[in-house]
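Remarks on the structure that follows.
The values are calculated or read from the model by the stated rules, or taken from the named source; none is laboratory data. Here the structure is a predicted model, which is why all the values come from computation and not from measurement. Cβ coordinates were reconstructed from backbone atoms using ideal geometry, including for glycine residues, and neighbour counts include every protein chain displayed.
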Amino acid sequence: MMIRTTCLSLALALLTISHAAAAPADDSFIAGYAAAVLEREFSLNAPSLRVQNGVISLAASDLVTADRARVVAQLAQIRGVARVVVLEPGVPPPPPPSAAPEPLRILSEWQVGMFPGGVLFKPLIADPRWPHFSATWQHYINDRQLSDAAAVSFGESFAFYRDRIGGAWWEVGLLAGVFSIFDLDSSSFDLVNADYLVGLPLTIRYDDFTAMLRVFHQSSHLGDEFLLRTQTNRVNLSYEQVDLLLSYEIRDVLRLYAGGGYLFDQDPANLEPWSVQYGLELTSPWPSREARWRPIAAVNVQQREENGWSADVSARAGIEIDGVLATRKVQFLLEYFSGHSPNGQFFKDKVEYFGIGTHFHF
């Protein structure tokens with residue numbers, strides 16, 4: 001029943017996404033899209049809405065019943081939008097940009113204040129434990145416990161407050177996620193393991209450089225059916241971790257990142273505390289930026305003192321589509337992992353699997 005429901009949901013999502021990806025990103029499309037966002041998200045009818053060369057303008061009088069900063073943030077994330085201008089009474093509209101405007105160094109969707117929308121530190125595409133919504137089929141190679149599995153995650157990262165320091169941005173927020181894996185070869189699709197993660201990130205961004213300091217808790221729990229069937233000895237794995245991640249983006253095509261972490265208050269108490277993480281992400285410049293889909297690829301490597309600093313390699317590649325449900329993005333990815341298991345108490349087990357996944361980001 002769960003698989004049939006999941007397949008139906010994914011089919012409906014694919015139909016919606018394929019229709020949205022086919023729409024052109026010209027001014028008339030942006031105007032219609034913006035009007036739909038205003039009506040659906042904010043129950044607003046804005047007669048003053050205009051779009052010229054990708055610039056959305058609308059009168060402040062049309063926004064009196066809504067959170068202006070949130071409206072601007074939502075509209076600015078529509079593919080093809082150069083910027084959003086709110087016209088005060090008596091102020092003439094700005095001149096339209098030239099046909100080939102210079103790329104903005106500071107993204108227009110970044111807003112200051114409480115709950116500004118979006119995050120400064122972009123999600124790590126190939127990190128197996130980055131909080132977001134996903135569903136993935138995984139096939140394990142020569143594994144003693146699993147052959148075919150479903151990996152499901154629920155979670156996100158949110159900004160509580162954002163502001164500026166000179167030419168830089170900073171924000172504090174929340175990240176939380178649940179990462180579960182189910183054995184598809186068992187009679188009742190047993191829950192094997194669920195990891196729970198919650199933390200507080202502090203992020204600073206200047207131009208294309210971003211740094212994020214996180215403090216988070218993670219705990220793991222085995223499924224009852226899996227325990228009864230396999231008689232596995234349970235390990236009460238839980239810990240707090242502080243880590244620092246540094247990211248640098250090159251021309252919206254290449255992203256490099258690296259960082260390190262330290263465990264404390266860990267159970268078992270003899271877990272070695274240090275770890276490092278690094279990787280790269282590629283976003284294809286083709287098709288043009290006006291298109292709402294593009295190929296992506298990423299590799300994430302983690303090395304832990306507990307496992308003798310051996311490399312855990314996660315690689316993903318596929319298609320990313322922007323503007324799904326107004327401001328969201330979805331990724332359809334082929335996946336490969338080789339290294340120590342990311343699933344809770346099985347961190348000592350070497351695993352290798354490939355898979356196909358759908359990933360949804362706010």
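Only one entry in LEU12, LEU44 is crowded, with 16+ Cβ neighbours inside 10 Å and either modelled with pLDDT of 55 or more or of a type outside the set (Lys, Arg) (or both), namely LEU44. The single residue among ALA297, ALA291, ALA315 that is outside any strand (DSSP E or B) and small (Gly, Ala, Ser) turns out to be ALA291. Filter region 323-362 for residues that are surrounded by fewer than 21 Cβ atoms within 10 Å (Cβ to Cβ) and among the acidic types (Asp, Glu); which is modelled with the highest pLDDT? The extreme case among them is GLU352.
Each row is one residue, and each column tells you yes or no for (1) at pLDDT below 85; (2) among the aliphatic types (A, V, I, L, M); (3) within 19 Å of the chain's Cα centre (by Cα); (4) part of a loop (DSSP other than H, G, I, E, B).
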| residue | (1), (2), (3), (4) |
| --- | --- |
| ALA100 | yes, yes, no, yes |
| LEU104 | yes, yes, no, yes |
| VAL119 | no, yes, yes, yes |
| PRO128 | no, no, yes, yes |
| PRO131 | no, no, yes, yes |
| ALA135 | no, yes, yes, no |
| ASP143 | no, no, no, yes |
| VAL152 | no, yes, yes, no |
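May I ask you to list the residues in region 232-255 that are over 22 Å from ILE204 (Cα atoms) and surrounded by 17 or more Cβ atoms within 10 Å (Cβ to Cβ)? Passing the criteria: LEU237, SER238, TYR239.
Residues satisfying the criterion are absent from region 168-184 (criterion: over 18 Å from the mean Cα position of the chain (by Cα), among the polar types (S, T, N, Q), surrounded by 14 or more Cβ atoms within 10 Å (Cβ to Cβ) and more than 30 Å from PRO116 (Cβ to Cβ)). With respect to the conditions (1) closer than 22 Å to PHE337 by Cβ; (2) among the charged types (D, E, K, R); (3) surrounded by fewer than 18 Cβ atoms within 10 Å (Cβ to Cβ), ASP163 falls short on a single one, namely (1).
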